[in-house]
Every structure is written in structure tokens, then in C-alpha cells.
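Structure first, commentary second.
The values are calculated or read from the model by the stated rules, or taken from the named source; none is laboratory data. If you're wondering where the values come from, they're calculated on a predicted model, not measured in any experiment. As a convention, Cβ positions derive from the backbone with ideal geometry for all residues, glycine included, and neighbour counts pool all protein chains shown. We work out accessible area using only protein heavy atoms, side chains counted, and drop any ligands, DNA or RNA first. Shrake-Rupley method; radii C 1.70, N 1.55, O 1.52, S 1.80 Å.
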Amino acid sequence: MHFKYRLLAILSILISQIALAQGPPITGDKPIMLGGNTVVFKTLTEIRNTDEGTFVHVPIMGHYVISSNSLVAVHLPYVHYDFSDTSGRGSGSTLGDINVLGKYQFYRKDGTGKTFRMVAKTLQTLPTGEKLDIEGMSTGEYSGYYGIVGGYESLKLGVSNEVGYEWSPEGEMDKFVYKLGFGLPLLKPTYPVNQLNLYFEYISESFTELNEYQLLYAQGIQYARKRWTWEAAVQLPLIQDFRDSTTRDLNYAVFLGTRYIF
């Protein structure tokens, strides 16, 4: 009996180190959460260049892990916009749309050196920003996102999937979203955490009311050391089927982020 308890303890530590070593995808999400009563402060700056201009989104994010299967978070965004001269909309800085996030893990299966988990999530976007028509930054309109995230992680590979729907009752931006990400650890697991990860991430968006479509790819790198994580990624469009040039018509985006676990 003592051997069984020791084995379970070792397995629990191993799984927790997998979760810490492979941080969340840079442009996506993961179903693995840390232990209860944990606070994570993070930011993920996005520099987005489109035919309509260049936009910078700097969210200050506070995540509180209530338990090992539930999480709530608030994202407070600073937005800088610089529209192209042809648009005549100028430049400036403003508070963007605030996000409130909730996640609940409803399935978990652990094995030796591997784990598979699923969570339900919702992201509520509050209309606190200016009506700049910059999706994911400042629209000044309410939207609600509802999705399922499933992820598998082992000592050699991490795979995350997310499918969801975003509802925008005041606009025409309703869409189906599918995200697929692969994380590749480059260093052997150690304690304290010292890990370098490569990420390969895809985002597919089908706009139901506009009958438009976008497929994006992001190549990222992430370094985790003890309680800190630093990450960077470049996102490029693979397919863009828009009727008119908009702020969604992406040329490229650069992501720079960091997080700290309390």
C-alpha cells in the first residue's frame, strides 16, 4: 500500500512538471491548469499590421486558479492605433475591450509521463473600447465566446485543440473558431523548470454572417524558467477570403509575452 501511494505521488509530481514545462500555447489555449489558489500575472503584446494600419494591443491579465479544475481571469487592455493615411482615421491610444474569462476542466486522464484533459471555456468581451472596428482589440461592442479545449501533453510533445463559437449580437462578426497547436520541448524535463519550447499554431475563423474566412499560422518560441515564462511568435495569413480590405486583412502580427506564477 505504501508503494502505491508513493507511486501516485511521483506520478502527480511528474504530471505537474509537464504542465509547468510546456506553458500555454502563444496564440491558443490549453486545458491544463495549475494547482488551486494560484495566481498568474501575464501579458501578451500583439503588434498587428494590416492594409488599414498598424495596431498594438497590450493586455494586463490576471488569472486566478480557484482549484485544479476551475479558473477565472480579467484582461485589461491598452490599445494604440495608427490607421493608414488613406483611411483618414488618424492615430491614438485608448482603453480596449475588457475580457472576462472562465474555464472549467471536466475531463482528465493521466498516464505515466502523459496527460489528456478537456475544459469548457467562455470569454466575455465587454464594450469598453472605442468603436474602432479592430477585432480582438477595440470594437466597442459586446461579444461572447463559448468553446471546448482539449489537450494532450507528454514529455516529448504537446497538442492542443479548441473549437468554439463567438456571438456578436450588435454586429456581424459571429464566427466559428478552430485552433490547433503543437508544442515541442527542446530540453529534458528538470526541476526547477528549465524548458525551451517551439510552437506551431493554426487558427481557422469562419464568419457566418459575412460569409468570409481566414486561416492563420503562427511560429513561436517559449522559454520557461522556474516561475517565469517568456515567449515570442510571428503570425502570418495562409488564407484570407474577405470581400473588402478591413482591419482583419492581416499582413503579419508579432506577439511578445511574459508571465509569472505566484
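Here the Gaussian network model covers the chain, with springs between Cα atoms less than 10 Å apart; of Glu130, Glu172, Glu201, Glu172 fluctuates the most. Using C-alpha pairs below 8 Å separated by at least 6 residues, the relative contact order for the chain is 18 percent.
Per-residue ellipticity at 222 nm, computed for the chain from helices alone with -39500 (n - 2.57) per DSSP H run of at least four residues, works out to -2500 deg cm²/dmol.
Between the range 188-242 and the range 106-129, the alpha-carbon centres lie 16 Å apart. Protein heavy-atom surface of the range 104-193, 1.4 angstrom probe: 64% of the accessible area is carbon and sulfur, with nucleic acids and ligands not counted.
Charges at C-beta only: +1 for Lys and Arg, -1 for Asp and Glu. How large is the resulting dipole of the range 92-189 about its Cα centre, in Debye rounded to 20? All intermediate terms of the calculation are to be shown ahead of the outcome.
Working: 11 positive and 12 negative charges, 202 e Å.
Charge dipole of the range 92-189: 960 debye, to the nearest 20.
Result for the chain in a Gaussian network model with C-alpha springs under 10 Å: among Thr45, Thr246, Thr229, the largest mean-square fluctuation is at Thr246. Compute the helix-to-body angle for 2-21: its Cα long axis versus the longest principal axis of the chain, expressed 0 to 90° and rounded to tens. For 2-21 against the chain, the angle is about 20 degrees.
The candidate values were (1) 87, 43, 29; (2) 66, 40, 32; (3) 72, 32, 31; the one computed from these coordinates for Cα extents along the principal axes in Å carries the label (3). Annotation: Arg225 carries an accessible surface of approximately 90 Å², with a 1.4 Å probe and no ligand, DNA or RNA atoms counted.
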